[in-house]
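Every number here is computed from the coordinates shown, using simple stated rules; none is lab data. Since the structure is predicted, the reported quantities are computational estimates derived from the model, not experimental observations. In this analysis, Cβ positions are derived from the backbone assuming ideal geometry, glycine residues included, and neighbour counts consider all displayed protein chains.
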Amino acid sequence: MLKILVVEDEQAIANLIKINLNDAGYACVCAFDGKQGADLIENGEFDLVLLDILLPEIDGYELLEYIKPLGTPVIFLTAKGTVNDRIKGLRLGADDYLVKPFQIGELLARVEAVLRRYGKAEKQLFFKEVSINLDARQVTKNRKVIDLTVKEFDLLVELVRNKNVALYRDRLYERVWNEPFTGETRTLDSHIQRLRKKLGWEEYIKTVFRIGYRLEDSI
């Protein structure tokens, strides 16, 4: 399991990120100031660091200088959103820069992208009692294999990677079918219905009126 360190002094934000990273199958540790973050980095190995800039004790820029020699990728998560701030962060060596407030779905997508660049891409996703092996393209529920078609599998991955996010039909269709969305929804809708039935997820895959679908994790 890939291990991610979140260095963020706003505990509510840090805890929200941790919950969602854990749900996505990552092991997540939080530090609430720069010194605590430096101590954790010194005493442990991480696959990725999510780093605020405006931190007590040691700020994010200084902490980045400490992290760089270790070869650990870093994504800045910060309210400093001007173009000059972004340029500075990236030039100092951050692998990505995400401005607050941000959508959890976008954060997870950026985490996945950076980990892929470093050859540390996730190999499994988890939701409730379902495990998704991305390499084998195999889905199990309570250790029993669930037979899915290619498109059902890809659709499931999109939903799990964007838990609690309302996904527009056109986005889902274009990402799964790799072709422009023409407005015809029957293909997507029928795949969603079969996915619900095969996984027993009628209560989890919600229809969002006039938008599309959301995998609901609050039940």
- Task: Mind checking the full-extension length gain between residue 92 and residue 109? Use 0.36 nm per residue of separation minus the Cα-Cα distance, one decimal, nm.
- Result: 3.9 nm
- Message: Taking each pair of distinct Cα atoms in segment 126-215 once, what is the resulting Kirkwood hydrodynamic radius in Å?
- Response: 13.3
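Would you mind classifying segment 3-117 by shape? Square roots of the alpha carbon gyration tensor eigenvalues, ordered a ≥ b ≥ c; an a/c under 1.5 is rounded, otherwise it is prolate if a/b is larger than b/c and oblate if not.
Rounded.
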- Query: Label residue 22 and residue 145 with points 7 Å out from Cα along Cα→Cβ: what is the distance between them in nm?
  - Reply: 3.2
- Task: First measure r as the distance between the Cβ atoms of residue 62 and residue 99, then evaluate 1/(1 + (r/R0)^6) with R0 = 25 Å and state the FRET efficiency to the nearest 0.05.
- Result: 0.80
- Item | Residue order, fewest to most beta carbons within 10 Å, for 139, 208 | 208, 139
- Item | Charge dipole (the chain, unit charges on Cβ, about Cα centre) - positive-most of 64, 211, 99 | 211
- Message: Run the numbers for residue 11 and residue 203: contour at 0.36 nm per residue of separation, minus the present Cα-Cα distance, in nm.
- Response: 66.0 nm
- Message: Please list, in order, the residues from segment 76-112 whose amide nitrogen is less than 15 Å from a point placed 7 Å along the Cα→Cβ vector of residue 164.
- Response: 102-109
- Message: Largest first, please: the extent of the C-alpha atoms of the chain along each principal axis, to the nearest Å.
- Response: 54, 38, 30
- The alpha-carbon center of segment 1-80 and that of segment 95-150 are separated, in whole Å, by 20
- Between residue 211 and residue 42, the FRET efficiency computed from the C-beta separation at R0 = 45 Å comes out, to the nearest 0.05, as 0.45
